[in-house]
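Beneath this line is the structure, given in structure tokens, with notes to follow.
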Amino acid sequence: MKVLSVVGARPNFVKIAPLVDYFKNMVIVHTGQHYDYEMSEIFFKGLNIPRPNYNLNVGSNTHAKQTSLIMSQFEDVVIEEKPDIVIVVGDVNSTLACSLVISKMSNIKLAHIESGERSFDRSMPEEINRIVTDHLSDYLFCSTKDAANNLIREGIDESKIFHTGNIALDNLLKYRHEIENCVTQNSYILFTLHRPSNTDYCETLHSILKAVNEISRNFPVLFPIHPRTKSRIDEFGLQDDINNMNIVDPLGYIDFMKILNEAKCVITDSGGIQVEADYYNVPCITLRDTTEHLYTVRNGNNILIGNDISRIKEAMSKFSEKREREENRNDGRTAERIYNIIRRI
Ligand code: UD1
């Protein structure tokens, strides 16, 4: 069976890495949605992912242009390679674009990893990408029971749904000796911000950065900065709002996990970081109104404050109220389970 997998943006690389140990001859297509060294190649090196067989080099663009550029180039690759099954991961534009291409090719199956995640907020481009991809897929691999139940509620045939676990967490077990052998004394807050709803409006970005900068006067804040956020800060002239934070370039996987694992708390608008923080029991304050990882909130490890930045201090004090954890910690064998299911097809 010929397997082809698609990656495009930073969160995709960590989800494909565990598969390469099982699908030895998998063809890897990189769409080029992310292209800076720190947003792409650093993950291939750090997680031992083989060089992609194809790079479509689409780069940044509006949603429609980026999606359509990926579609037209990806179709050529698929016609050339003739895979039996295509694996897409997560919820970025590359995931949607390639799913649409495969859905019109009747002899190729589509498998979606991290299927069924829902924030129930259709103003997020990722929510549109998730819903469409799931409804086009032949095999839907879910990280949690919540995700599987979402798919069942949407009328997707149960025989296509597999609760296999969270594949990104496989890496945390695989690299645990490197990640967990680091002692940084827990004395900083980790801050990440990249979502357009937080970064693309001057007033919103200003109020978030100003509040976190204020906190950083009492408590060190480490801020690995996403290129989108960096360019918005320059464009809006907000450099003074980050003058007390420790700003660093985006980090590779292992380095980021080391500092996450040791942080006192994380303030973020990322999706994946909520899950990873929960895994390490690191309190997470999420700058969003909704989450597709609701169990992290139920676990008492995640508080959603939207962009009402005045709630940060109140949120930090609430973390002392610990609740019973739900069992969503992974055993590091999600990729193996997915491999065994696909092999049987
Ligand atoms: C994308 C995903 C988002 C994911 C995030 C992780 C979509 C719709 N969004 O958002 O779900 O959480 O990746 O980072 O797919 N840029 C660079 N260098 C790069 C990549 C991006 O400078 O290597 C800059 C460009 O100015 C670009 C902007 O970042 O316009 C945004 O990049 P884009 O891929 O469109 O979206 P992200 O915000 O990264």
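The values are calculated or read from the model by the stated rules, or taken from the named source; none is laboratory data. All figures in this text were calculated on a predicted structure; none of them were measured in a lab. For neighbour counting, all protein chains shown are included, and Cβ atoms are generated from backbone atoms with ideal geometry for every residue, glycine included. With ligands, DNA and RNA removed, areas are computed over all heavy atoms of the protein, side chains included. Shrake-Rupley method; radii C 1.70, N 1.55, O 1.52, S 1.80 Å.
Structural remarks
- For the chain, the Kirkwood estimate of hydrodynamic radius, built from reciprocal distances between every pair of different alpha carbons, is 20.6 Å.
- Hits among lysines - C-alpha to C-alpha of LYS145 under 25 Å, sequence gap 8 or more where chains match: LYS15, LYS109, LYS160, LYS174, LYS322
- Using only Cα coordinates, the Kirkwood hydrodynamic radius of segment 88-165 works out to 12.2 Å.
- Charge tally in the Cβ shell below 15 Å around SER106, where Lys, Arg are +1 and Asp, Glu are -1, SER106 excluded: 0
- Excluding same-chain neighbours fewer than eight residues apart, the aspartates and glutamates reachable from LYS2 by a Cα-Cα span under 14 Å are GLU80, GLU81, ASP84.
- Partner lysines for LYS210 [C-alpha distance under 23 Å; skip if fewer than 8 residues away on the same chain]: LYS230, LYS264, LYS313, LYS318
- Computed over the alpha carbons of segment 255-316, Rg followed by Dmax gives 10.6, 30 Å.
- Translational diffusion of segment 1-151, estimated by Stokes-Einstein from the Kirkwood radius over alpha carbon pairs at 4 °C in a medium of 1.567 mPa s, is 85 µm² per second.
- Between MET1 and ASN218, the modelled labels are 5.5 nm apart [label points 7 Å from Cα along Cα→Cβ].
- Mean Cβ count within 10 Å, highest first, over the residues of peptides 162-169, 53-60, 110-117, 149-156: 110-117, 162-169, 53-60, 149-156
- Under 15 Å, Cβ to Cβ, from ILE79 - net charge with Lys/Arg +1 and Asp/Glu -1: -2
- Kirkwood hydrodynamic radius over Cα pairs of segment 193-323, then Stokes diffusion coefficient at 4 °C and 1.567 mPa s, in µm²/s: 87
- Computed over the Cα atoms of segment 164-219, the ratio of the radius of gyration to the Kirkwood radius (Rg/Rh) comes to 1.14.
- Accessible solvent surface per residue of the chain, calculated while the other protein chains remain in place, 1.4 angstrom probe, Å²: 44
- GLU235 accessible area, assembled protein chains, probe 1.4 Å, Å²: 120
- The heavy atoms of LYS160 present about 60 square angstrom of accessible area, all protein chains included, probe 1.4 Å.
- Residue-averaged [θ]222 nm for the chain, counting only DSSP H segments that reach four residues, each worth -39500 (n - 2.57): -12000 deg cm²/dmol
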